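Note sheet for the following structure.
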Amino acid sequence: SAVISQKPSRDICQRGTSLTIQCQVDSQVTMMFWYRQQPGQSLTLIATANQGSEATYESGFVIDKFPISRPNLTFSTLTVSNMSPEDSSIYLCSGKDSTISTDTQYFGPGTRLTVL
Amino acid sequence: AQSVSQHNHHVILSEAASLELGCNYSYGGTVNLFWYVQYPGQHLQLLLKYFSGDPLVKGIKGFEAEFIKSKFSFNLRKPSVQWSDTAEYFCAVNGGRGSTLGRLYFGRGTQLTVWP
């Protein structure tokens, strides 16, 4: 199994600023994902972080708002840009050992973001 | 796209009571089904998963779930809950027409509170 850590664990930010969230996996994983969990809502996939290339974004999410980097197989960052109160949410990173659909996806502890 | 419904948002039980949490998904093609649990202050972790074979799957901590294809359901059960089962439970589905490889579609989650 993979152990995933995220930094920061929480933050309070001002409107219009940006925050970069880091995700570190203790082993190499083939796939990494970023999810958002808004208050009272389910987890929603933002994007798949691809190593060495641009992330693949889900409908409703764009690179300008959520730029993602993945320089290697154990690390990724998500930036929440030009934040507004609607971006207040928990952001979760996850990793998966392979592209096989039945493989377990492991999750980080999440980053709780509050935008004032 | 796939959608996942969890009908109970908050369930309150006494210890030793039986538990059943409902989960339905929308797309009936080849899917893989998961239940994740998040204990207070901890990561999301896998409880159990189904991808083929016996539709009754057993997971950790005495949990089980039954896949009923005709009903598009994957309900979670436990015959006798404990106080330590207090947590949020998420049903998730992987697969379906047009879905992103490896993407999990989550339900909104069910908060289970067990009174000692």
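Worth a mention:
- In percent, rounded to a whole number, the relative contact order of chain B is 38, using alpha-carbon pairs under 8 Å and six or more apart.
- Mean per-residue shielding of peptide B:32-43 is 2, counting Cβ atoms of other chains within 10 Å of each Cβ.
- Remark on segment A:66-114: ratio of C-alpha radius of gyration to 2.2 N^0.38 Å is 1.35.
- Averaging 1/r over every pair of different alpha carbons in the protein assembly as shown and inverting the result gives a Kirkwood radius of 18.2 Å.
- Full-extension gain in nm, A:C13 to A:Q28, via 0.36 nm per residue minus C-alpha separation: 2.3 nm
- Packing, taken as the mean count of other beta carbons within 10 Å per residue, orders the peptides B:39-49, A:31-41 from highest to lowest as A:31-41, B:39-49.
- Radius, Kirkwood style, for chain A when every pair of distinct Cα atoms is counted (Å): 14.1 Å
- Segment B:1-69: C-alpha gyration tensor shape, a/c 1.5 cut-off, then a/b vs b/c: prolate
- Both numbers refer to the Cα atoms of chain B; Rg and Dmax are 13.7, 45 Å.
- When cysteine pairs in chain A are screened for C-beta atoms closer than 4.7 angstrom, the residues that find no partner are A:C13.
- Beta bridges by DSSP in the protein assembly as shown, antiparallel share as percent, to the nearest 5: 90 percent
- Relative contact order of segment A:37-116: 23 percent, from C-alpha pairs under 8 Å at least 6 residues apart in sequence.
- Computed from point charges on the beta carbon alone (+1 for Lys and Arg, -1 for Asp and Glu), the dipole magnitude for chain A about its Cα centre is near 240 Debye.
Only the coordinates and a few stated rules stand behind these numbers; no lab work does. Bear in mind that the values here come from a model prediction, so they are computed numbers and not experimental data. In this analysis, Cβ positions are derived from the backbone assuming ideal geometry, glycine residues included, and neighbour counts consider all displayed protein chains.
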